[in-house]
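The values are calculated or read from the model by the stated rules, or taken from the named source; none is laboratory data. Here the structure is a predicted model, which means the values were calculated and not measured. Glycine gets a Cβ as well: all are built from the backbone with ideal geometry, and neighbour counts include every protein chain shown. Ligands, DNA and RNA are stripped out before the accessible areas are found, and what is left, the full protein with its side chains, is counted by its heavy atoms. Shrake-Rupley method; radii C 1.70, N 1.55, O 1.52, S 1.80 Å.
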Amino acid sequence: MRGCRVLTLALAGLLSLPVMAATPWPGATKGPAKGPVVQKDQTKALLQFQKDLASVLALRTEAEPLLGAALLARPLANPPEVLTYHALLERASRNADAGPQVAWARLADCDAKAGTCPNTDALGVLEKQAPDNAAVWLLKLGVDEHAGAGDAVRADLTRAANAKLYDDYLGASLKALANSVSQLPPPADTYNPLQGAGAAGVQMVIVFGLASAQPLPGFQATAKYCEDNKSDAGVVGDCLKLAKVLEWGSSPLGRSLGLHLRETLSPDAADQQAAKNARLNLVWQMQRFAQLNIQAQGDKATAQKLLALARSGGTEMSVILASLRAYGMPPEAPAGWEPAKVEK
């Protein structure tokens, strides 16, 4: 989807986090001469493995394995028609068990160069399937803001603020991928045998890497609209209502925006400070989870644990917090702790 990568980087910067998607997958080695060649060969082997997995999963009829197949096939260059992202998601969407997570994935079934992103048909389906999900209306807010439809943006904000929950379905994608990657063992040429995580490390990076490439709603547009309309009590009220929905939602990025809105818009100084403290804890949680991801690249047991948590379902945020609990890491930052700076 247009702008997804830029938005991910911007919000990761907001959280002071290392951007995991920019990190080479575990099999990629570096070196003055052989490194780039080895990385290219291993990346080619990894994409072939994803194609093989998608081919096996394409034989299924249920929505979840077809969603997993689509996510695996999305990075492939010129796949057969039956293995295209579009074809697999179309099949998944026709199933009785296809939930809004399939429609959310279909948002990226579009052509950014032709200006058809996000997929408007998928957005229409989501408005009907998940009208109480703030993520749907923040997505529409971004679309309407891009189109210069000011009245529609205001209406979208109100719908988002009055929603019951926030879920961008990344947890559902994690589950679909985590269940998918175990269908075949990764070939030896997809990973570095000298690294302790081995096959489990390859599976983990596929799961968390591909899931993180899912579409994101209009976080930047929402933050800008709220900040540009600080003098409008009605807008501020809706932005603060939205902040509460986001703070208890599925996504650390959404939670970060919610806390940012409360910190900057709340009229109560104590509430502002509480939001600032909660945001510091969120940075702590995300940096500890990034630490576990790095640890998992060299440790089989950690990789297997993270895969098991992804398979358990839930949301992205619940997987992150469960991972920290599993390794005895407290969710609150120690007194006096400051975030590690992202190297530039």
So is residue 272 open to solvent by 40 Å² or more (accessible area, probe 1.4 Å), without any contact (Cβ under 8 Å) to a residue 12 or more places away in the chain and either of a type in the set (Gly, Ala, Ser) or not in a loop (DSSP other than H, G, I, E, B) (or both) or not? yes
Members of segment 137-169 found to be of a type in the set (A, V, I, L, M) and touching a residue at least 40 places away in the same chain (Cβ under 8 Å), listed by number: 138, 139, 141, 143, 153, 157, 160, 161, 163, 165
Taking only segment 243-256 into account, find how many residues are in a helix (DSSP H, G or I) and open to solvent by 10 Å² or more (accessible area, probe 1.4 Å). 5
For segment 97-114, how many residues are in contact (Cβ under 8 Å) with a residue 24 or more places away in the chain and either of a type outside the set (Gly, Ala, Ser) or more than 20 Å from residue 174 (Cα to Cα) (or both)? 9
Say whether the condition of being buried (at least 19 other Cβ atoms within 10 Å of the Cβ) and at pLDDT below 95 is met by at least one residue in segment 220-242. no
Over segment 214-241, the set of residues among the charged types (D, E, K, R) and part of a loop (DSSP other than H, G, I, E, B) is 230, 232
Counting only residues that are in a loop (DSSP other than H, G, I, E, B), among the polar types (S, T, N, Q) and closer than 25 Å to residue 147 by Cα, which one in segment 90-124 is least open to solvent (accessible area, probe 1.4 Å)? 119
Inside segment 298-342, can you point out the residues that are among the charged types (D, E, K, R) and either in a loop (DSSP other than H, G, I, E, B) or surrounded by 15 or more Cβ atoms within 10 Å (Cβ to Cβ) (or both)? 299, 300, 305, 311, 316, 332, 338, 341
Consider segment 49-89. How many of its residues are in a helix (DSSP H, G or I) and either out of contact with any Lys or Arg (no Cβ under 6 Å at 6 or more places or on another chain) or surrounded by fewer than 21 Cβ atoms within 10 Å (Cβ to Cβ) (or both)? 25
Could we say that residue 279 is in contact with a His (Cβ under 9 Å, 6 or more places away or on another chain), free of Cβ contacts under 8 Å to residues at least 60 places away in the same chain and of a type outside the set (A, V, I, L, M, F, W, C) here? yes
Do you know which residues across segment 219-234 are hydrophobic (A, V, I, L, M, F, W, C) and more than 22 Å from residue 253 (Cβ to Cβ)? 233
Can you list residue pairs whose Cβ atoms sit under 6 Å apart, with the first residue in segment 322-344 being under 15 Å from residue 290 (Cα atoms) and among the small types (Gly, Ala, Ser) and the second being assigned to a loop (DSSP other than H, G, I, E, B) and at pLDDT 90 or above? Count only pairs 6 or more apart in sequence or on different chains. none
Counting residues that are open to solvent by less than 10 Å² (accessible area, probe 1.4 Å) and over 29 Å from residue 227 (Cβ atoms), which helices (runs of 4 or more DSSP H) fully inside segment 129-213 reach at least 2? 170-180, 198-211
Restricting attention to segment 298-343, and to residues there that are at pLDDT below 90 and of a type in the set (D, E, K, R), which single residue is farthest from residue 256 (Cα to Cα)? 343
